[in-house]
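**Student:** This is the structure, below, for whatever I ask next.
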Amino acid sequence: SLDRWLEDRMYYRVGADLTFEPYPPDQGTGTVTGPEGVGPDAEPASGVWIPLPYEFLRLPGVVAATRVGDYPLEIRVGTGDEVSGRFLAVDRLDFPSVAWFRRDLAQEPLGALMNDLALSPENVLVPRQFMDQYRLQIGDKVRLSVTVSPGVRINEVFTVIGTFDHFPTAYEEVTIVGNLERLSDILGLPPRHSIWLRTKEGTEGQAVFNAVPRTMGVEVGKPMDARALIREEQAKTERVGVFGTLSIGFLAAVAMAGMGLLLYSYASLRERLYS
């Protein structure tokens, strides 16, 4: 149970087997243009230079890929309040085959949620707690202000089409899930986005990340490997100590129960012999 909880926790944190943010190499220098380089103001606002998801299948061990945008968000609710959050923009066709998802995270399976998004580009999924707090209903309109890059903001009205209790990578901050295609249509080009990958069992995440610049022509930023995080957690001394304590406690409990059974049987036998 503890191992299963650890795996679910790490996959919820990462979202898939592997995730990373692509960055273009600086021409002539080989350095990465990104937040650790020349600063966010110099980052390209669009993601037209990022390879399409199917191209990442050329990487070793990769069996599926999808685009996921993660952008700061301001939500205008019916009360006139503005709530800060995240807009998680997904490719509804590719996302279910890549993302980790557990059936109890929502009342509908992931495929059904993506089908809800497919009904209209303006459709969004919202957390159930957020709906209850602001008394929203399916079909209600909400005005969202999505910052896709520094200085580039989209202000549009979206339609609430479905809900979820939890969604991969979503924690306390309000997270709205919508169509990446809708943002691309508004901008006229795809915005910057991350790449999520599903890999074969046993594939080394670092080997995949190392192959990205050579194979895809882009650099890897903010890499995350769910399996590597699981192995790292499993190797921690405190975790080994907890399992050791539990194992010793279990063996001691079994031994005490066995001794109690033997003593009871012995006492019962003596009572029968002398009665």
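The values are calculated or read from the model by the stated rules, or taken from the named source; none is laboratory data. Source: prediction; values computed, not measured. Cβ atoms come from the backbone with ideal geometry, glycine included; neighbour counts cover every protein chain shown. These accessible areas exclude ligands, DNA and RNA; they are computed on the full protein's heavy atoms, side chains included. Shrake-Rupley method; radii C 1.70, N 1.55, O 1.52, S 1.80 Å.
**Student:** Can you return the aspartates and glutamates within cross-link range of Lys141? Criterion is Cα-Cα under 12 Å, with same-chain partners fewer than 8 residues away left out.
**Tutor:** Counting by Cα, and skipping residues close in sequence, Lys141 has these aspartates and glutamates nearby: Glu122, Glu156.
**Student:** Given labels modelled 7 Å from the Cα in the Cβ direction, how far is it in nm from Ser97 to Arg231?
**Tutor:** Between Ser97 and Arg231, the simple spin-label model gives 2.7 nm.
**Student:** Still on this structure, I have one more. Give me P(r) over the chain, computed from all C-alpha to C-alpha distances, binned every 5 Å, as integer percentages.
**Tutor:** For the chain, the pair-distance distribution reads 1, 5, 10, 14, 14, 13, 11, 8, 5, 4, 3, 2, 2, 2, 2, 1, 1, 1, 0, 0.
**Student:** Carbon and sulfur together cover what percent of the accessible area of the chain at a 1.4 Å probe radius? Before the final figure, lay out each step's value.
**Tutor:** Working: 8160 of 15140 Å².
The nonpolar share, carbon plus sulfur, comes to 54 percent.
**Student:** Determine the order of Tyr54, Tyr23 by accessible area, beginning with the largest, at a probe radius of 1.4 Å.
**Tutor:** Greatest to least solvent exposure: Tyr54, Tyr23.
**Student:** Got a sec? What order do Met224, Met256 fall in by accessible area at 1.4 Å, biggest, i.e. largest, first? Before the final figure, lay out each step's value.
**Tutor:** Details: Met224 55, Met256 130 Å².
Putting Met224, Met256 in descending order of accessible area: Met256, Met224.
**Student:** Test of understanding: what is the full-extension gain from Leu52 to Asp165, defined as 0.36 nm times their sequence separation minus their Cα-Cα distance? Write down the numbers at each step before the final one.
**Tutor:** Details: separation 113, 0.36 × 113 = 40.68 nm, distance 3.04 nm.
The span from Leu52 to Asp165 would gain 37.6 nm if fully extended.
**Student:** Could you order Arg128, Arg135, Arg13 by accessible surface area, starting with the largest, using a probe radius of 1.4 Å? Please list the in-between numbers first.
**Tutor:** Details: Arg128 65, Arg135 210, Arg13 110 Å².
From most exposed to least exposed: Arg135, Arg13, Arg128.
**Student:** Anything in the chain that counts as a DSSP H helix reaching 27 Å or more along its axis (C-alpha) with Kyte-Doolittle mean of at least 0.5? List them, would you?
**Tutor:** Details: long enough: 237-274 (55 Å, 0.84).
Length and hydropathy pass: 237-274.
**Student:** Let me ask something additional. Pop a pseudo-label 7 angstrom from the Cα along the beta-carbon direction at both Ser1 and Met131 and give the gap in nm to one decimal.
**Tutor:** Rounded to a tenth, the inter-label distance reads 3.1 nm.
**Student:** If you don't mind, there's one more thing I want to ask. If I stretch the segment between Leu261 and Ala211 completely, what's the gain in nm (0.36 nm per residue apart, minus their alpha carbon distance), one decimal? Provide the component values of the computation, followed by the final result.
**Tutor:** Numbers: separation 50, 0.36 × 50 = 18.00 nm, distance 6.12 nm.
Contour length minus the Cα-Cα distance gives 11.9 nm.
**Student:** For the range 106-207, what does the equivalent ellipsoid look like in terms of its semi-axes, each the square root of 5 times an eigenvalue of the Cα gyration tensor, given largest first in whole Å? Please report the intermediate quantities before stating the final value.
**Tutor:** Values: eigenvalues 122, 80, 37 Å².
Over the Cα atoms of the range 106-207, the semi-axes work out to 25, 20, 14 Å.
**Student:** Tell me, what is the 1.4 Å probe accessible area of Glu156, in Å² to the nearest 10?
**Tutor:** 60
**Student:** Would you kindly calculate the translational diffusion coefficient of the range 96-143, applying Stokes-Einstein with the Kirkwood radius from alpha carbon pairs, for 10 °C and a viscosity of 1.306 mPa s, and quote it in µm² s⁻¹ without decimals? All intermediate terms of the calculation are to be shown ahead of the outcome.
**Tutor:** Values: Rh = 12.1 Å.
D = 131 µm²/s.
**Student:** Continuing with this model, one more query. Suppose the chain between Arg153 and Ala253 were pulled fully straight at 0.36 nm per residue; how much longer would it get relative to their current alpha carbon spacing?
**Tutor:** Working: separation 100, 0.36 × 100 = 36.00 nm, distance 6.17 nm.
Going from the current span to full extension adds 29.8 nm.
**Student:** How compact is the range 124-173 by the rule of thumb for globular proteins, expressed as Cα Rg over 2.2 N^0.38 Å?
**Tutor:** Cα-based Rg divided by the globular estimate yields 1.25.
**Student:** Take each of the peptides 157-168, 1-12, 108-119, 64-75, average the number of other beta-carbon atoms within 10 Å over its residues, and list them starting from the highest.
**Tutor:** Details: 157-168: 18.6, 1-12: 13.5, 108-119: 17.1, 64-75: 21.2.
Averaged packing, sorted descending, gives the order 64-75, 157-168, 108-119, 1-12.
**Student:** For the range 49-190, what does the alpha-carbon gyration tensor say about shape, rounded, prolate or oblate, given a ≥ b ≥ c as the root eigenvalues, a/c under 1.5 as rounded, and a/b over b/c as prolate? Provide the component values of the computation, followed by the final result.
**Tutor:** On the way: a/c = 1.96, a/b = 1.33, b/c = 1.48.
Because a/c hits 1.5 or more and a/b fails to exceed b/c, the range 49-190 counts as oblate.
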